[in-house]
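Colleague: Encoded as structure tokens, here's the structure I'll be asking about.
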Amino acid sequence: MGDLTTWEAIIIAVVEGLTEFLPVSSTGHMIITQNMLGVESTEFVKAFTVIIQFGAILSVVCLYWKRFFRLNHTPAPQGASSLQRFLHKFDFYWKLLVAFIPAAVLGFLFSDKIDAMLESVVVVAVMLVIGGIFMLFCDRIFSKGSEKTEVTEKRAFFIGLFQCIAMIPGVSRSMATIVGGMSQKLTRKDAAEFSFFLAVPTMFAATAYKVLKLFLDGGTEILVNNLSALLIGNVVAFIVALLAIKFFISFVTKYGFKAFGWYRIIVGGLIIIMLLCGHSLEVL
């Protein structure tokens with residue numbers, strides 16, 4: 001199949017689908033999985049972990065298509081200009097764009113540095129633990145003030161700033177944006193759903209940028225030689241992500257984030273201990 005075998009592509013895609021929308025870091029888990037499988041971090045493998053996110057974001061569009069493809073039909077405020085009336089009509093998409101801009105700018109400027117961090121299991125493990133400790137207390141910190149609040153432009157931009165923290169592998173884009181939403185007084189459910197919606201333009205842009213960069217760097221042959229891996233990866237990520245989203249919304253609404261915090265601490269802690277003891281993560 002090329003850089004990845006069929007089973008390696010399936011396993012990595014299952015991990016992506018399961019973890020993309022959970023606050024446990026999908027990128028971190030895919031890096032750990034690659035190390036456990038003994039998969040070399042080639043240019044294609046790095047691209048594969050980004051491109052299969054496209055399958056995961058399709059699951060959001062599929063599950064929430066009625067809310068994702070919608071216009072605002074409520075009357076615009078009195079005295080609104082033509083531009084304001086236009087933005088009011090496309091209010092949902094405008095706020096997604098506002099939230100998307102910070103990550104788009106920083107992602108473009110620091111693409112190479114982000115790629116370099118994708119090879120570090122140590123960074124992933126440390127950030128899993130730090131993020132896990134924070135998640136043990138985030139319900140207590142934010143939930144008391146959470147209420148049914150509208151996502152304004154200001155709140156959307158603030159959530160977008162939080163999303164930038166997730167460029168560090170192991171942080172979790174889902175965790176960063178949900179915490180950002182809760183800090184803006186959104187309920188856990190509303191913050192999680194806005195995080196899902198924001199994932200669509202963010203991950204689509206990341207996928208498109210990675211494919212374009214490969215093409216410009218002469219990587220057309222790499223993509224063609226591994227086309228079956230990409231197709232399998234996207235299909236598997238799509239199916240698994242559908243199930244993961246339904247589970248996550250139900251679980252986090254009822255129980256909050258503490259269980260995910262303990263999970264992150266245990267996984268990150270075990271990896272740190274193994275690395276300090278001189279053990280490799282490779283098991284297959």
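Colleague: From the list Ile32, Ile57, Ile12, which one is over 18 Å from Val121 (Cβ atoms), assigned to a helix (DSSP H, G or I) and modelled with pLDDT of 85 or more? Before you say what the answer is, go through the steps one by one.
Modeller: Numbers: Ile32 fails: over 18 Å from Val121 (Cβ atoms); Ile12 fails: over 18 Å from Val121 (Cβ atoms).
Being over 18 Å from Val121 (Cβ atoms), assigned to a helix (DSSP H, G or I) and modelled with pLDDT of 85 or more holds for just one of Ile32, Ile57, Ile12, which is Ile57.
Colleague: Go through the range 101-182 and tell me which helices (runs of 4 or more DSSP H), entirely inside it, have 3 or more residues that are of a type in the set (Phe, Trp, Tyr) and farther than 16 Å from Pro201 by Cβ.
Modeller: Here the list reads 121-142.
Colleague: Let me ask you something else. In the range 244-265, how many residues are touching a residue at least 12 places away in the same chain (Cβ under 8 Å) and either in a helix (DSSP H, G or I) or over 28 Å from Gly55 (Cα atoms) (or both)? Quick ask: steps written out before the conclusion?
Modeller: Start the filter on the range 244-265 by keeping residues that are touching a residue at least 12 places away in the same chain (Cβ under 8 Å), which leaves 244-246, 248-249, 252-253, 256-258, 260-265.
Filter once more, so that each one left must be either in a helix (DSSP H, G or I) or over 28 Å from Gly55 (Cα atoms) (or both): 244-246, 248-249, 252-253, 258, 260-265.
So the answer is 14.
Colleague: Still on this structure: Look through Phe215, Phe247 and report the one residue that is modelled with pLDDT under 85 and of a type in the set (Phe, Trp, Tyr).
Modeller: Going through Phe215, Phe247 in turn, just one is modelled with pLDDT under 85 and of a type in the set (Phe, Trp, Tyr): Phe215.
Colleague: If the requirement is being within 14 Å of Pro23 (Cα to Cα), touching a helix residue (DSSP H, G or I) at 6+ places or on another chain (Cβ under 7 Å), part of a helix (DSSP H, G or I) and not aromatic (Phe, Trp, Tyr), which of these qualifies: Ala241, Ala237, Ala229, Ala206?
Modeller: After ruling out the rest, the residue left standing is Ala241.
Colleague: Also: Does the range 177-190 hold any residues that are in contact (Cβ under 8 Å) with a residue 40 or more places away in the chain and either of a type in the set (Gly, Ala, Ser) or closer than 14 Å to Thr253 by Cβ (or both), and which are they?
Modeller: Residues satisfying the conditions are Ile178, Met182, Ser183, Leu186, Thr187, Arg188, Lys189, Asp190.
Colleague: Report yes if some residue within the range 40-59 is surrounded by fewer than 24 Cβ atoms within 10 Å (Cβ to Cβ), among the small types (Gly, Ala, Ser) and in contact with a helix residue (DSSP H, G or I) (Cβ under 7 Å, 6 or more places away or on another chain); otherwise report no.
Modeller: yes
The values are calculated or read from the model by the stated rules, or taken from the named source; none is laboratory data. Being a predicted model, the structure only gives us computed values, none of them experimental. No Cβ is skipped: glycine too gets one built from the backbone with ideal geometry, and neighbour counts run over all protein chains shown.
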